[in-house]
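S.K.: I have a structure here, written as structure tokens, and I will follow up with some questions on it.
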Amino acid sequence: MADKILSVFLSPDKVENVPFEVKTPLAEMSLSDTKALALKLVDSLVHLEDNSGEFRVPLPTGGFKVDSKSWKNWEWTQGVGLYGMWMLFEITGDESVLGHIQAWFDQQFAKGTPTKNVNSMAPMLTLAHLYERTGRSEYRAYLDSWAEYVMDGIPRTEERGIQHITFRQVNEGQLWDDTLMMCVLPLAKIGVLLNRPAYVEEAKRQFLLHIKYLVDNRTGLWYHGWTFLERHHFADALWGRGNSWVTIAIPEFLTLLELPPGDHFRDYLVSTLEQQVIALSKFQNQNGLWHTLVDDPTSYLEVSASAGFAFGILKGVRLGYLDKKYRAMGLKALEAVINNVNENGLVQNVSFGTPMGATKDFYKAIKLTAMPYGQAMTLFCMVESIKRYL
């Protein structure tokens with residue numbers, strides 16, 4: 001069964017990037033061009049479907065398969081997709097985008113929510129924003145239930161870290177950098193929205209604990225994971241998309257908390273972000289992208305991670321968390337990401353969902369395919385691009 005599961009993730013051959021060239025220079029894109037491309041990304045996102053079943057992952061117990069590619073399902077991938085659309089709606093006010101978000105939640109609630117875990121928590125970030133806007137009482141009940149699960153029901157590691165439990169694996173004793181985006185940010189948003197200070201303090205503690213165990217102090221980059229059971233970082237992989245969750249999550253978290261300069265927690269997270277971005281500046285490819293293993297030029301170039309880096313860097317500069325000298329790096333990445341969107345609005349060169357790898361070659365063999373988070377992380381970029389005109 002393990003081999004069957006791995007076959008979904010891994011290509012039997014060397015993974016090759018879809019070639020791209022800069023056909024659309026960023027300098028030539030108007031505000032209307034940028035909004036039009038963003039809406040095209042949304043349209044492709046809500047029509048994503050794994051019709052062949054190629055990317056449906058069987059559970060170790062057999063039977064049910066997790067479909068994280070198709071828009072109609074509930075997983076972290078769709079959760080990130082929702083947040084990308086929410087960001088776009090907030091800045092454009094486009095009611096069609098809001099309609100897609102509300103329709104997704106209505107359909108999911110009608111079917112019944114899935115098993116609670118770290119990854120299935122991801123849609124709660126957008127639901128919290130939606131509740132804040134609409135005040136629909138039925139949304140409040142879901143927010144309460146899922147946040148209470150994270151506070152009191154979710155499995156914990158040593159030092160009460162949030163164990164990265166998923167549909168597929170319990171992952172006993174493991175911290176993953178993905179957890180900050182999928183689980184901790186939603187908890188913090190719910191805490192702020194519902195005036196639950198304990199939720200916010202727990203979110204802050206999780207950030208500090210994940211920094212303690214996942215930052216590579218030699219480079220400033222982040223390891224994908226840590227196991228308390230065996231006391232190591234698995235493959236020692238400085239994985240691109242995992243790092244990009246951090247580049248996204250820190251500015252988002254600090255914006256949510258509205259902490260003033262001089263606040264020690266704020267300054268510590270800003271310093272952590274800055275050290276990561278210094279490292280990223282050393283590893284950016286000349287075409288603007290980063291490799292799926294950030295420090296390994298023999299691994300393929302990966303667009304979702306690059307989009308996350310572009311967003312976090314540009315937002316960090318705009319809000320004063322990062323020095324303005326990094327803006328050029330962010331814009332170069334933004335241009336590269338935009339030029340990896342095909343004529344159908346699908347983002348190319350996106351790696352499939354990636355569990356913890358025991359070797360670095362594992363990450364280099366992950367298949368490339370259009371995914372909801374690839375669309376969404378590019379939407380994050382488009383939102384920052386739109387803000388350049390405002």
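Every number here is computed from the coordinates shown, using simple stated rules; none is lab data. Remember, predicted model here, so these are calculated numbers, not experimental data. In this analysis, Cβ positions are derived from the backbone assuming ideal geometry, glycine residues included, and neighbour counts consider all displayed protein chains.
S.K.: For the pair Leu59/Met151, report the inter-label distance in nm, with labels modelled 7 Å from Cα in the Cβ direction.
M.R.: Calculated label separation equals 2.8 nm.
S.K.: Over what distance in Å are the Cα centres of the stretch 153-216 and the stretch 235-254 separated?
M.R.: 14
S.K.: Next question, about the same structure. Taking the Cα centre of the stretch 271-364 as origin and charging only Cβ (+1 Lys, Arg; -1 Asp, Glu), how large is the dipole, in debye to the nearest 20? Can you show the working numbers first?
M.R.: On the way: 9 positive and 8 negative charges, 71 e Å.
Using Cβ point charges on Lys, Arg, Asp and Glu, the stretch 271-364 gives about 340 debye.
S.K.: Related question: Which of the peptides 118-131, 194-207 is most tightly packed, and how do the rest follow, going by the mean number of other Cβ atoms within 10 Å of each residue?
M.R.: Numbers: 118-131: 24.6, 194-207: 16.9.
The peptides rank, most packed first, as 118-131, 194-207.
S.K.: Given the pairs Lys35/Lys367; Lys315/Lys387; Lys35/Lys315; Lys40/Lys69; Lys72/Lys387; Lys65/Lys116, which are separated by over 21 angstrom at their Cα positions?
M.R.: Numbers: Lys35/Lys367 30 Å; Lys315/Lys387 10 Å; Lys35/Lys315 18 Å; Lys40/Lys69 18 Å; Lys72/Lys387 30 Å; Lys65/Lys116 16 Å.
Distance filter (> 21 Å) returns Lys35/Lys367; Lys72/Lys387.
S.K.: Taking square-rooted eigenvalues a ≥ b ≥ c of the alpha carbon gyration tensor, is the stretch 287-364 rounded, prolate or oblate, where a/c under 1.5 means rounded and, failing that, a/b exceeding b/c means prolate? It would help to have the intermediate numbers written out before the result.
M.R.: Values: a/c = 2.19, a/b = 1.41, b/c = 1.56.
Oblate is the answer for the stretch 287-364, as a/c is 1.5 or above yet b/c matches or exceeds a/b.
S.K.: Could you tell me the largest-minus-smallest coordinate of the C-alpha atoms of the stretch 18-76 on each of the three principal axes, in descending order and whole angstroms?
M.R.: Rounded to whole Å, the extents work out to 52, 24, 19 Å.
S.K.: How far, in nm, would the chain grow between Ala141 and Ala110 when pulled straight, counting 0.36 nm per residue and subtracting the alpha carbon separation?
M.R.: Details: separation 31, 0.36 × 31 = 11.16 nm, distance 1.45 nm.
Net length gain for the segment: 9.7 nm.
S.K.: Here's another thing I want to ask about it. In whole Å and largest first, what semi-axes does the C-alpha gyration tensor of the stretch 148-292 yield when each eigenvalue is scaled by 5 and square-rooted?
M.R.: Details: eigenvalues 114, 85, 33 Å².
With the √(5λ) rule applied to the stretch 148-292, the semi-axes are 24, 21, 13 Å.
S.K.: Taking 0.36 nm per residue of separation and subtracting the Cα-Cα distance, what length does fully extending Ala328 through Thr359 add?
M.R.: Working: separation 31, 0.36 × 31 = 11.16 nm, distance 3.35 nm.
So the extension gain works out to 7.8 nm.
S.K.: When N is the residue count of the stretch 114-190, what does its C-alpha Rg come to as a fraction of 2.2 N^0.38 Å?
M.R.: Details: Rg = 12.5 Å, N = 77, 2.2 N^0.38 = 11.5 Å.
Against the compact-globule rule of thumb, the ratio is 1.09.
S.K.: Going Cα to Cα from Lys360, which lysines come in below 19 Å? Please leave out same-chain ones fewer than 8 positions away.
M.R.: Within the straight-line limit of under 19 Å, Lys360 reaches these lysines: Lys14.
S.K.: Each label point is 7 Å from the Cα along the Cα-to-Cβ direction; what then is the distance between the points at Glu132 and Gln102, in nm?
M.R.: Each label point is offset 7 Å from its Cα along the Cβ direction, giving 1.9 nm.
S.K.: Let me ask another. What is the gain in length, in nm to one decimal, between Glu201 and Glu159 on full extension, counting 0.36 nm per residue of separation less the C-alpha to C-alpha distance?
M.R.: My answer for the length gained is 13.6 nm.
S.K.: Run the Debye formula on the Cα coordinates of the chain, all scatterers equal and no solvent, and tell me log10 I(q)/I(0) at q = 0.07, 0.12 1/Å.
M.R.: -0.27, -0.88
S.K.: Suppose the Debye formula is applied to equal point scatterers at every Cα of the stretch 235-390; what is log10 I(q)/I(0) at q = 0.10 Å⁻¹?
M.R.: So the normalised log intensities work out to -0.33.
S.K.: Need one number: nm distance between label points at Ser30 and Val170, each 7 Å from Cα along Cα→Cβ, rounded to one decimal.
M.R.: Rounded to a tenth, the inter-label distance reads 5.9 nm.
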